[in-house]
Amino acid sequence: MSEAGSLRIAGCHYPAGSAAGQAAELHVSADGALRLEPGGRALGHWRGLRVPERLGRAPRMLGLGDGGGFETGDNAAVDACERRFRGRVAGGRLHALEGRWTIAWLALAGLGFSIFAGFVWGIPALAARVAPWLPASVVVGSSEETLASLDRHVLRPSRLPAARCEALEATRARLAARAGLSGGRLECRRGGAFGANAFALPSGLVVITDEFVELGGDEDELAGVLAHEVAHVEYRHGLRQALQGSLLTLGAALLTGDLANAGSFIAHLPVVLAGLHYSRDFEREADARGAALMRAEGRDPRALARALARLEGAARQKERPAAPAWLSDHPDTQERIARIEALAR
């Protein structure tokens, strides 16, 4: 009907205090008076209704003055009455936004970027802040549990003479003291699937394999590798990387609603540590700090570069499809060698 006449809005009437709806019509006269049919019950004036904002084609529940409700999907009629009796623009802000796909896609893109930024930049920044505050008992416990797991599944008892391991531990201890670190220790193991390898756990525990020692490098080369690992401990690289992995797991659990795993991310630290791969930035920092520690010890900083070249050469001689684990966790070896040699000049 024309706006000069009355309007009929089909819908469902819900009496006050009842969840049972009945099919009905809301008659709106030209002056805005309301009547409910069937029954002809007067409901006051349109301006006395509570009319929610429109959202697409979704039905709206009109709030009646007596506490009841009138649900209708005839949004065009409701908008016409709002325009006439309240002077409101049809649709409202939510409906306008919902109808603009450009805004919807921009909002979706913004949400996606926020999630991406949180995982790529936010979580590493959070891990860097959390790492110094993690209780020592957690750090030591996770490191010991990681070594125990590797001993069960990968590593084997060392065959090196005890005096050889003690000498390497003395070198590690001197380098750690220069870095201002206390505690920690060196453990010798036969590498098994790890092959020639050296790695540090967050507590300061450094593991070096027999295969690594047996490559034939001099004492400065071995010291260079130990200095590199001590630097990882000093900068908390292992702990930060492990926390990043655990926080990623936590974030994914929260996004998917898997709350059972959300509360146990600290318990996952040993698992993450066992498969730890450092980022390129962490490796560059450890190389630079390791070179500085070597210089402070009166040793040649380029010894670490020689050790890397020796490891890469050993891998090529054995025609392995990939570099040893210690190398595969790191950036390009030639790039690292060039950077270390530049630092030593």
- Item | Selection from region 286-345 of residues that are modelled with pLDDT under 80, more than 21 Å from Leu201 (Cβ to Cβ) and assigned to a helix (DSSP H, G or I) | Gly313, Ala314, Ala315, Arg316, Gln317
- Message: Cβ-Cβ under 6 Å, sequence separation 6+ or interchain: first residue in region 274-298 and closer than 18 Å to Glu341 by Cα and open to solvent by 40 Å² or more (accessible area, probe 1.4 Å), partner modelled with pLDDT of 90 or more and assigned to a loop (DSSP other than H, G, I, E, B). Which pairs?
- Response: Glu285/Tyr235; Arg295/Pro301
- Item | Residues of region 202-221 satisfying the condition of being out of contact with any helix residue (DSSP H, G or I) (no Cβ under 6 Å at 6 or more places or on another chain), open to solvent by 30 Å² or more (accessible area, probe 1.4 Å) and not in a loop (DSSP other than H, G, I, E, B) | Glu211, Glu219
- Message: So in region 167-185, with the set limited to residues that are part of a helix (DSSP H, G or I) and small (Gly, Ala, Ser), which one is farthest from Glu221 (Cα to Cα)?
- Response: Ala177
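β-branched (Val, Ile, Thr), on the phi < 0 side of the Ramachandran plot and free of Cβ contacts under 8 Å to residues at least 60 places away in the same chain: does that describe Val78?
Here the answer is no, as Val78 does not meet what is asked.
Okay, residues lined up against (1) in a strand (DSSP E or B); (2) under 12 Å from Cys81 (Cα atoms); (3) among the aromatic types (Phe, Trp, Tyr):
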{"position": "Ile9", "(1), (2), (3)": "yes, yes, no"}
{"position": "His13", "(1), (2), (3)": "yes, no, no"}
{"position": "His27", "(1), (2), (3)": "yes, yes, no"}
{"position": "Ala30", "(1), (2), (3)": "no, yes, no"}
{"position": "Ala42", "(1), (2), (3)": "yes, no, no"}
{"position": "Arg47", "(1), (2), (3)": "no, yes, no"}
{"position": "Glu53", "(1), (2), (3)": "no, no, no"}
- Task: Please verify whether region 139-146 includes one or more residues that are on the phi > 0 side of the Ramachandran plot, modelled with pLDDT under 95 and part of a helix (DSSP H, G or I).
- Result: no
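I'd like the full set of residues that are aliphatic (A, V, I, L, M), under 18 Å from Pro202 (Cα atoms) and under 34 Å from the mean Cα position of the chain (by Cα), limited to region 141-176.
Within region 141-176, Leu147, Ala148, Leu150, Leu175, Ala176 meet the criteria.
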- Task: Residue by residue through region 23-45, note down the ones that are within 16 Å of Asp74 (Cα to Cα) and either loosely packed, with under 12 Cβ neighbours inside 10 Å or within 52 Å of the chain's Cα centre (by Cα) (or both).
- Result: Ala23
- With Phe194, Phe199 as the choices, which residue is of a type in the set (Phe, Trp, Tyr) and either touching a Lys or Arg at 6+ places or on another chain (Cβ under 6 Å) or open to solvent by 40 Å² or more (accessible area, probe 1.4 Å) (or both)? Phe194
- Query: Taking region 153-182 as the search range and keeping residues that are out of contact with any Leu (no Cβ under 6 Å at 6 or more places or on another chain) and of a type in the set (Lys, Arg), which one is surrounded by the fewest Cβ atoms within 10 Å (Cβ to Cβ)?
  - Reply: Arg159
- Within region 55-86, of all residues that are at pLDDT below 80 and not aliphatic (A, V, I, L, M), the one least open to solvent (accessible area, probe 1.4 Å) is Gly56
- Query: List pairs: first in region 231-252 and over 13 Å from Arg129 (Cα atoms) and surrounded by fewer than 22 Cβ atoms within 10 Å (Cβ to Cβ), second at pLDDT 85 or above and among the charged types (D, E, K, R), Cβ under 8 Å, 6+ apart or cross-chain?
  - Reply: Glu234/Arg289
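The values are calculated or read from the model by the stated rules, or taken from the named source; none is laboratory data. Source: prediction; values computed, not measured. Quick reminder, even Gly has a Cβ in these numbers, built from the backbone with ideal geometry, and neighbours come from all protein chains shown. Calculation scope for accessible area: heavy atoms of the full protein, side chains included, ligands and nucleic acids excluded. Shrake-Rupley method; radii C 1.70, N 1.55, O 1.52, S 1.80 Å.
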